[in-house]
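Written below as structure tokens is the structure these notes are about.
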Amino acid sequence: MSKRDYYEVLGVNRDASEDELKKAYRRLAMKYHPDRNPDNPKAEEQFKEAKTAYETLTDSQKRATYDQYGHAGLEQGAGMGGGAGGFSSDAFGDIFGDIFGGGRARSNVHRGADLQYNLEITLEEAARGTETKIRIPTQEECETCHGTGAKPGTQATTCNTCGGHGQVRVQQGFFSIQQTCPKCHGTGKIIPTPCGTCNGAGRVKKHKTLSVRIPSGVDNGDRIRLSGEGEAGVNGGPTGDLYVVIHLKAHTVFQREHNDLHCEMPISFTTAALGGEIEIPTLDGHAKLKIPAETQSGKVFRLRGKGIQGVRTNAPGDLMCHVAIETPVNLTERQKELLRELENLNREDNARHSPKAHSFMDKVKAFFAG
């Protein structure tokens, strides 16, 4: 029986890339593999046909010969390597490695884990910057065995199960699956006499104290990276990093919004009505603020440059003072009498002295009238 065109077998164009060939073969292999079609000889033949086509077209020399001379050119040349009947070729392992755990042996050297430390600081410390010390738990290289895990004077030996690769190949029917070595757990090494200090781990738990410089302008959630201050690596791998995450403590006066500061400023009824000057706090000390006459509650006064200069900005933010008019309490009889007199005077020309209240009452009357 004449052989089908390899490009036709895989269902690709003659200029198909290697990636396109791989995708086409993967699709056909998953469909026609004998393990999925145990009682279908035709499926097995189709699988072998697709495998031969894939192996031929992904070999640049064989593909060039095939493109020029067809099947006849290949039959006169060298053999096809793994052949259609075998299932241990590199091509098969590459196609199914990601599905069934295959692939090459992995390196046993690993970078140490990154660590995170949550640091609470005050608003003043965030604004001006500070330096503080922190104490963190970490995994450090064992000083007794210098990270080998073996007792001094002894050494680890190559695992005789996996030959030092850290993985073993298991045959399941037509599938050849790579798995982590059950004896050495992927390290490729066996420690006959473990270190008494770290029990063969190569690392020990410790606490260390670090000095951390907090730059001025940091905000809630900012991270400061301390390179190489994380956990020690495995089998000589590089050390991880430590990330210090900033958290701002609640302030008694100010609330921060990016680089601006907000504060609520209570003023007296008479100051709001007649105007005046009040003293307000800032991070740099006290400042004077003029209150114009007839100031209403909720009015916001902006003091430019009295906020915080952020880490990534060239100019400081502003201080926003929110006016809250305080109703007098614990009044004397005389004070009450004066307020009643003021109220009576206001009623004579309510629209002039209390425009908001007058306007509101007009809207209420219109609402009920409608």
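The values are calculated or read from the model by the stated rules, or taken from the named source; none is laboratory data. Just so you know, these numbers come straight off a predicted model, no measurement behind them. Virtual Cβ from ideal backbone geometry, glycine too; neighbours counted across all protein chains shown. Accessible surface areas use protein heavy atoms only, side chains included; no ligands, DNA or RNA. Shrake-Rupley method; radii C 1.70, N 1.55, O 1.52, S 1.80 Å.
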Which whole number in µm²/s is D for the range 296-350 by Stokes-Einstein, with the Kirkwood Rh taken over Cα pairs at 4 °C and 1.567 mPa s? 86 µm²/s
Leaving out ligands, DNA and RNA, what percent of the accessible area of the range 232-341 is carbon and sulfur, probe 1.4 Å? 50 percent
Quick one: net charge around His247, please, counting Lys, Arg +1 and Asp, Glu -1 for every other residue with C-beta under 13 Å from its C-beta. -1
Apply the Karplus parameterisation 6.51 cos²θ - 1.76 cosθ + 1.60, with θ equal to phi minus 60°, to every residue of the range 129-137 and state each ³J(HN,Hα) to the nearest whole Hz, in sequence, with x for glycine and proline. x, 7, 10, 9, 10, 10, 10, 10, x
Taking 1 over the mean of 1/r across every pair of different Cα atoms in the range 259-327, what Kirkwood radius in Å do you get? 12.6 Å
Collect residues whose amide H, placed 1.01 Å from N in the peptide plane, falls under 5 Å from the amide H of Tyr117; neighbours closer than 5 in sequence don't count. Tyr243, Val244, Val245
Average accessible surface area per residue within the range 146-255, 1.4 Å rolling probe, Å²: 55 Å²
Roughly how many Å² is the accessible area per residue of the range 1-48, as a whole number, for a 1.4 Å probe? 69 Å²
When you have a sec, figure out the Kirkwood radius of the range 128-194 from all distinct Cα pair distances and drop it here in Å to one decimal? 15.1 Å
Rh by Kirkwood over Cα pairs, then Stokes-Einstein D for the range 164-285 at 0.890 mPa s and 25 °C, µm²/s: 113 µm²/s
So who's got an amide H within less than 5 Å of the one on Ala324, skipping anything under 5 residues away but keeping other chains? H placed 1.01 Å off N, in plane. Met265, Ile267, Gly298
Can you work out ³J(HN,Hα) from phi for every residue in the range 215-222, in order, using Karplus 6.51 cos²θ - 1.76 cosθ + 1.60 and θ = phi - 60°, giving whole Hz and x for Gly and Pro? x, 5, x, 4, 10, 4, x, 5
Karplus-derived 3J(HN,Hα), 6.51/-1.76/1.60, for each residue of the range 11-17, Hz, glycine and proline x: x, 10, 6, 5, 9, 4, 7
Unit charges at the beta carbon, dipole of the range 190-320: most positive-side option, Gly310, Ile191, His262: Ile191
Going by amide H atoms built from the backbone, whose H comes under 5 Å of the H on Gln167, apart from near neighbours? Cys181
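When N counts the residues of the range 105-246, how does its alpha-carbon radius of gyration compare numerically with 2.2 N^0.38 Å, as a ratio?
Normalised Cα radius of gyration, the range 105-246: 1.44.
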